[in-house]
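Below is one structure; the comments refer to it alone.
The values are calculated or read from the model by the stated rules, or taken from the named source; none is laboratory data. None of the values given here were measured: they were computed from a predicted structure. Cβ sites come from the backbone with ideal geometry, for glycine too, and all protein chains shown count toward neighbours. Ligands, DNA and RNA are excluded from the accessible area calculation, which covers all protein heavy atoms including side chains. Shrake-Rupley method; radii C 1.70, N 1.55, O 1.52, S 1.80 Å.
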Amino acid sequence: LAGVNIKLLVLVMMGVAGICFAINKPKRYTNLTSSIFNLGLVLMGIQFIKGSTKVLIKFPWFQNIVEYTQQYPEVALIAGLLFILTTQSLFGSLVVVLSFLDTGVFEIHQATLFVYGAYLGEGILKIFYLTAFKGVFKQVLSIIPLTYFCVFAMGMLSYCLDIFEIPFVQHYARLFASSPKEELAHLNFGLHLITGSFLSLGVKGVESFIYK
């Protein structure tokens, strides 16, 4: 949804759900219409984020930053990390990077590094969030930051192997994609699939790590 223009659909969702919620009819679907309305607000916010990022390219200071990141793509990794630590929104990070791909601000290698930085930041944030929980629930939730750190590690491994033209996730994501956005989507799916498989195969080690 972050890569598709769904503005008209969102407006229809918000209109219908808002009217139903306001008149409280039908009553048995009140919770459903409220949820649909809230979802519409979230999706509308996504569209606003996409639109606002396109405006940035008109500013000279932003163009200077873009030129610098094109010379040193690794800066995008730090940018992704700082962005998510500031906004605390992984989905927002993905929306921004898709907008940058659309406008040509980022090339695919910059976008992937930005996303990897966001995954690293998300893992760090989840560690801080765990301090609010205790006991078994906290131990179970420990798998979340571990997953993000593993996705980050797999992503960086894929990026380094791609530099040396060794086929891995990024190579096959590019092979089956017709656009940079599709390549990024395939890459994210592949990394999560490999990470999930890796954690499943090492379930005993993961359990011992969580319950320490």
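Our coupling estimate for segment 131-137, obtained by passing each phi through the Karplus curve with A = 6.51, B = -1.76, C = 1.60 and θ = phi - 60°, is 5, 7, 10, 9, x, 5, 4 Hz, Gly and Pro reported as x.
Which percent of Cα-Cα pairs in segment 43-142 sits in each 5 Å bin, short to long? Per 5 Å bin, starting at zero, the Cα-Cα P(r) for segment 43-142 comes out as 2, 13, 20, 21, 17, 10, 7, 5, 3, 1, 0 percent.
Overall form of segment 147-193: oblate. Here a/c, set by the Cα gyration tensor axes a ≥ b ≥ c, is 1.5 or more, and a/b is not larger than b/c. Counting charges near Ala173 (Lys, Arg +1; Asp, Glu -1) among other residues having Cβ under 11 Å from its Cβ returns a value of -2. Exactly which chymotrypsin sites (Phe, Trp or Tyr not before Pro) in segment 140-175 are in a DSSP loop and have at most 15 other Cβ atoms within 10 Å? Within segment 140-175, the qualifying chymotrypsin sites (Phe, Trp or Tyr not before Pro) (loop, at most 15 other Cβ atoms within 10 Å) are Phe164. Counting 0.36 nm for each residue step from Val55 to Ile127 and taking away their Cα separation leaves a gain of 22.5 nm.
Tell me the carbon and sulfur percent of the accessible area for segment 40-180, rounded to whole percent, probe radius 1.4 Å.
With neighbouring chains kept in place, the figure for segment 40-180 is 71 percent.
For Ser89 and Val136, the difference between the fully extended length at 0.36 nm per residue and the C-alpha to C-alpha distance is 14.3 nm.
Karplus-based coupling profile of segment 154-165, in residue order and whole Hz: 5, x, 5, 5, 4, 5, 5, 5, 5, 4, 8, 6, with θ = phi - 60° in 6.51 cos²θ - 1.76 cosθ + 1.60 and x standing for Gly or Pro.
In this simple spin-label model, placing a label point 7 Å from the Cα along the Cα-to-Cβ direction at both Val16 and Phe62 gives a separation of 3.4 nm.
Percent relative contact order of segment 37-173, based on C-alpha pairs within less than 8 angstrom and at least six residues apart?
About 21 percent, as a whole number.
Taking Lys and Arg as +1 and Asp and Glu as -1, the other residues whose beta-carbon sits under 15 Å from that of Thr195 total 0.
Which of Phe106, Gly15, Cys160 sits closest to the plus end of the dipole of the chain, meaning its Cα is farthest towards the positive end, when Lys and Arg get +1 and Asp and Glu get -1 on the C-beta? Of the listed residues, the answer is Gly15. Computing FRET efficiency as 1/(1 + (r/R0)^6) for Leu32 and Phe164, where r is the C-beta to C-beta distance and R0 is 45 Å, gives about 0.30.
Between Leu41 and Leu201, the contour length at 0.36 nm per residue exceeds the Cα-Cα span by 53.6 nm.
In this structure the chain gives 59 Å² per residue of accessible area when probed at 1.4 Å with all protein chains present.
Just the projected area, averaged over all directions, of the convex hull on the alpha carbon atoms of segment 101-212: how many nm²?
8.0 nm²
Evaluating kT/(6 pi eta Rh) at 25 °C and 0.890 mPa s, with the Kirkwood radius of the chain over Cα pairs in the Stokes-Einstein relation, gives 127 µm² s⁻¹.
At an R0 of 22 angstrom, the distance between the Cβ atoms of Ile143 and Leu175 translates into a FRET efficiency of 0.10.
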